[in-house]
Amino acid sequence: MNEQYHKLHPKVQKWVFNQGWPELREIQNKAIEPILAGDRDVLISASTAAGKTEAFFLPACSAIADSPEGFGILYISPLKALINDQYRRLESLCDLLEMDVTPWHGDSLQSKKKKAKKSPSGILLITPESLESLLVREAGWVSESFSAIKYIVIDEFHAFIGSERGNHLLSLLNRLEHLLGRHNSPIPRIALSATLGNIEQVPLLLRSTQSLPCEIITSSQSQTSLKIQIRGYIDSEPVRNNEESESSAELQICKDLYNICRGDSHLVFANSRQRTENIAAQLSDMCEQNAVPNEFFPHHGSLAKELREDLESRLQRETIPTTAICTMTLELGIDIGKVNSVAQVTAPHSVSSLRQRLGRSGRRGNASILRMFIAENALNERTNALDNLRLELVQSIAMMRLLIANKWFEPADTSQYHFSTLLHQILAVTAQWGGIRPDQLYGLLCKTGPFGKVTIEHFKVLLSHMATRELLTQFSSGEIVLGLMGERLVSHYSFYAVFKTPEEYRIVVGNKTLGTLPIDTLIVPDQHIVFGGRRWKVLEVNTEKKVIYLEATKGGKPPKFGGQGLVVHDEIRKEMFEIFRSGEHRITISDNKIEFIDETALKLMTEAHQFFKSANLENKRILQIGKNVLIFPWMGDKVVNTLTAILRLKGYEADAFSGVIDVHKAEEKDVSKALKLMANEKLPSNKDLAENVPEKHTEKYDEFLPESLLDLGFGQRVFDVEATSSWLKTQHVNF
């Protein structure tokens with residue numbers, strides 16, 4: 001062992017020796033000195049299974065080993081399951097150090113919490129929501145028990161940044177330092193993550209005031225080799241009875257998954273809960289048909305906790321072949337043992353998500369194996385024009401190229417206001433202190449907290465509206481306390497979380513309900529959507545009854561790939577355009593061009609490239625197809641949303657699928673003229689465009705926001721007028 005190892009506490013050294021490790025990993029050696037110093041924030045970014053957890057806990061436990069009273073380490077995780085997993089992993093180290101470690105979340109044993117309440121010490125493992133609960137309900141105990149904290153560590157940091165939950169967490173940490181009187185001597189924050197885009201900007205996301213310097217630690221060593229493949233499938237099954245029938249492509253994918261996965265442990269990411277259940281059921285049926293034990297089980301957020309934990313435990317044992325068909329629930333770093341490979345059915349949510357999923361295999365020194373299974377429609381006389389471009393396949397190829405060759409993944413979107421989360425924090429801080437002045441609130445949450453984009457004027461409008469909704473009351477002294485409705489919200493058990501699942505709206509045609517749709521994307525009247533394998537026109541969005549009324553539209557089949565509510569980044573669509581333009585899909589590594597798609601995918605890719613060339617889409621951004629005009633921005637969803645919304649304001653019937661805008665009953669020359677005019681005129685603002693969207697309540701406390709702030713926040717989240725204006729000016733020659 002080297003010099004860094006000998007800086008660890010003797011008992012920690014003994015634990016490392018007991019593990020049989022010949023030496024510490026690179027990331028672990030690099031982290032010892034900066035963490036022991038305790039005078040800076042530290043960001044540890046490395047691939048899954050690179051040893052990030054130990055990189056923090058070995059030196060941090062060494063630093064608090066001889067501190068008998070009060071919590072020394074506060075570990076914050078996005079998942080209860082990850083807390084349980086870390087508790088299990090830390091047990092042997094903490095036993096050797098005679099150090100307490102306490103898991104604290106909604107499902108934790110009350111006996112462990114009572115013990116920690118009586119005698120707080122060692123390590124506290126907690127979720128943001130449980131920390132909020134403690135700050136609101138037991139701030140006095142927190143002030144005493146957390147007074148000796150030396151480190152705050154945030155696991156899976158990428159799962160927080162840029163989201164409402166991330167802003168909640170940063171606000172909690174700021175409030176905690178304020179409560180402990182540590183603003184002048186901040187508690188070092190350590191972030192652990194496998195996936196961070198624009199890593200040099202992350203320190204600002206970890207601590208907005210930058211009152212401590214931040215050291216970034218990355219690994220230069222690749223822990224595993226990669227094996228990747230994209231498999232193509234052609235779906236020729238017709239759609240009947242307004243519902244998506246079991247497609248020949250999906251059946252073939254399930255057969256291939258059965259043959260690949262049986263006999264070992266794998267993860268299959270299917271994105272949606274419905275597809276997760278469908279694939280799991282088909283694979284289970286295949287086991288029954290072949291008279292063999294079932295090895296295939298679903299895993300998603302709607303399942304009972306016991307079913308999820310049973311499956312996680314089965315994966316960890318590594319003795320029984322087990323394949324989990326999952327949404328993103330197994331994407332984060334729960335230790336699920338040795339997984340032979342990862343499969344992705346349909347395009348992933350993002351390149352960051354793809355990277356995280358790839359890292360779930362290849363543990364314990366084996367190669368990381370990722371297979372993607374992409375189905376496209378067979379081409380015939382009813383084919384939708386967009387199907388010719390094989391957009392789902394090309395998007396999947398683009399994501400793989402960006403990840404492997406460019407080592408790019410999406411940076412966090414830090415341009416948001418997060419008014420819903422700010423409203424929650426105003427209530428939480430007011431409840432925590434009993435009463436507080438407006439200037440104190442603004443200083444704590446906005447001036448030194450994570451809501452820096454919110455101006456004093458915005459804040460005044462918000463407080464005023466909260467008073468009209470009886471969320472707050474102001475005394476003549478100027479002090480603010482909770483109002484009647486505020487008391488009700490804060491006292492409800494659901495208050496401590498700032499996030500909610502997307503609201504489900506019923507989809508109704510005439511008097512018939514077709515199903516439900518989560519409202520996490522832009523839905524407006526006259527828009528066209530794909531549901532149940534058919535294309536529909538939105539007649540009305542009833543926000544009170546939570547119903548979307550549709551009517552069937554005439555025309556051919558809907559495009560195969562409708563985007564599925566994903567928010568796609570500009571870089572992905574630009575990479576797709578480059579693949580189409582060059583006709584080169586392979587990944588270039590050290591002057592070698594690596595083939596990673598199978599024969600069927602190659603055939604589909606060739607078809608797509610030929611259509612792109614024949615339609616001259618390299619030089620054109622608009623194309624007449626029958627009575628409709630297609631616009632190809634090759635930009636992310638924010639620009640596509642903005643262009644679509646402005647065209648609607650100008651009287652066009654337009655909607656978007658997979659980054660392509662479809663203008664109905666229009667002529668190419670008219671659309672071309674409209675786009676050229678738009679390039680030279682002042683466009684509506686993001687907020688102006690949001691005013692025309694009927695359903696904007698996408699975050700938990702949006703219903704309590706004043707309309708002006710709701711429009712401002714929603715517009716910033718969904719549209720990008722500035723980038724759209726720039727695109728119009730640079731692309732006008734291609735209209």
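The values are calculated or read from the model by the stated rules, or taken from the named source; none is laboratory data. Not measured: the values here are computed from a predicted model. Positions of Cβ are generated from backbone atoms using ideal geometry, with glycine treated the same way; all protein chains shown enter the neighbour counts.
Things worth noting here:
- Selection status of Leu307, among the aliphatic types (A, V, I, L, M) and surrounded by fewer than 18 Cβ atoms within 10 Å (Cβ to Cβ): yes
- Enumeration of residues in the range 625-635 that are of a type outside the set (Val, Ile, Thr) and modelled with pLDDT of 95 or more: Leu630, Phe632, Pro633, Trp634, Met635
- Taken over the range 418-453, the residue count meeting the criterion of being crowded, with 21+ Cβ neighbours inside 10 Å and part of a loop (DSSP other than H, G, I, E, B) is 4.
- Unique residue being in a strand (DSSP E or B), within 23 Å of the chain's Cα centre (by Cα) and of a type outside the set (D, E, K, R) when the list is Ile397, Ile374: Ile374
- Entry remark, the range 171-204: residues being among the aliphatic types (A, V, I, L, M) and at pLDDT 85 or above number 9 in total.
- When Lys603, Lys627 are checked against the criterion of being farther than 22 Å from Val524 by Cβ, touching a strand residue (DSSP E or B) at 6+ places or on another chain (Cβ under 8 Å) and surrounded by fewer than 18 Cβ atoms within 10 Å (Cβ to Cβ), Lys603 stands alone in meeting it.
- Restricting the range 303-319 to residues that are assigned to a loop (DSSP other than H, G, I, E, B) and without any contact (Cβ under 8 Å) to a residue 40 or more places away in the chain, the residue that is farthest from Thr276 (Cα to Cα): Thr319
- In the range 506-517, the residue that is surrounded by the most Cβ atoms within 10 Å (Cβ to Cβ) out of those that are in a strand (DSSP E or B) and modelled with pLDDT of 80 or more is Ile507.
- Taking the range 372-420 as the range and being among the polar types (S, T, N, Q), out of contact with any Gly (no Cβ under 8 Å at 6 or more places or on another chain) and more than 17 Å from Pro348 (Cα to Cα) as the test, the residues that pass are Asn377, Asn380, Asn388, Asn406, Ser415.
- Note on the range 606-624: residues that are assigned to a loop (DSSP other than H, G, I, E, B), of a type outside the set (A, V, I, L, M) and buried (at least 18 other Cβ atoms within 10 Å of the Cβ) total 1.
- Number of the condition not met by Ala81 [criteria: (1) among the hydrophobic types (A, V, I, L, M, F, W, C); (2) at pLDDT 90 or above; (3) over 15 Å from Val153 (Cβ atoms); (4) touching a Leu at 6+ places or on another chain (Cβ under 9 Å)]: (2)
- Residue list for the range 47-88, restricted to those being in a loop (DSSP other than H, G, I, E, B) and under 22 Å from Ser193 (Cα atoms): Ser47, Thr48, Ala49, Ala50, Gly51, Ser77, Pro78, Leu79
- For Ser47, the stated conditions hold: it is within 25 Å of the chain's Cα centre (by Cα) and of a type outside the set (Val, Ile, Thr).
- Test: residue in the range 646-658 that is assigned to a helix (DSSP H, G or I), in contact with an Asp or Glu (Cβ under 7 Å, 6 or more places away or on another chain) and not basic (Lys, Arg): no
- If you filter the range 679-701 down to residues that are assigned to a helix (DSSP H, G or I) and at pLDDT 95 or above, you find that the one that is nearest to Glu722 (Cα to Cα) is Asn686.
- Where Ser147 falls short, out of the listed (1) at pLDDT 90 or above; (2) buried (at least 19 other Cβ atoms within 10 Å of the Cβ); (3) in contact with a strand residue (DSSP E or B) (Cβ under 6 Å, 6 or more places away or on another chain): (2)
- Complete set of residues in the range 646-669 that are touching a residue at least 24 places away in the same chain (Cβ under 8 Å) and surrounded by fewer than 16 Cβ atoms within 10 Å (Cβ to Cβ): Leu649, Lys650, Lys665, Glu667
- Meets criteria (in contact with a Leu (Cβ under 7 Å, 6 or more places away or on another chain) and touching a residue at least 40 places away in the same chain (Cβ under 8 Å)) for Ile436: no
- Subset of the range 43-84 (residues that are farther than 17 Å from Pro128 by Cα and out of contact with any helix residue (DSSP H, G or I) (no Cβ under 8 Å at 6 or more places or on another chain)): Ser47, Ile64, Asp66, Ser67, Pro68, Glu69
- Subset of the range 128-172 (residues that are among the polar types (S, T, N, Q) and either under 29 Å from Asn198 (Cα atoms) or in contact (Cβ under 8 Å) with a residue 60 or more places away in the chain (or both)): Ser130, Ser133, Ser145, Ser147, Ser163, Asn167, Ser171
- Residues within the range 245-285 that are outside any helix (DSSP H, G or I), crowded, with 19+ Cβ neighbours inside 10 Å and not hydroxyl-bearing (Ser, Thr, Tyr), tallied: 6
- For the range 636-645, the set of residues classified as among the small types (Gly, Ala, Ser) and either at positive phi or in a helix (DSSP H, G or I) (or both) consists of Ala645 only.
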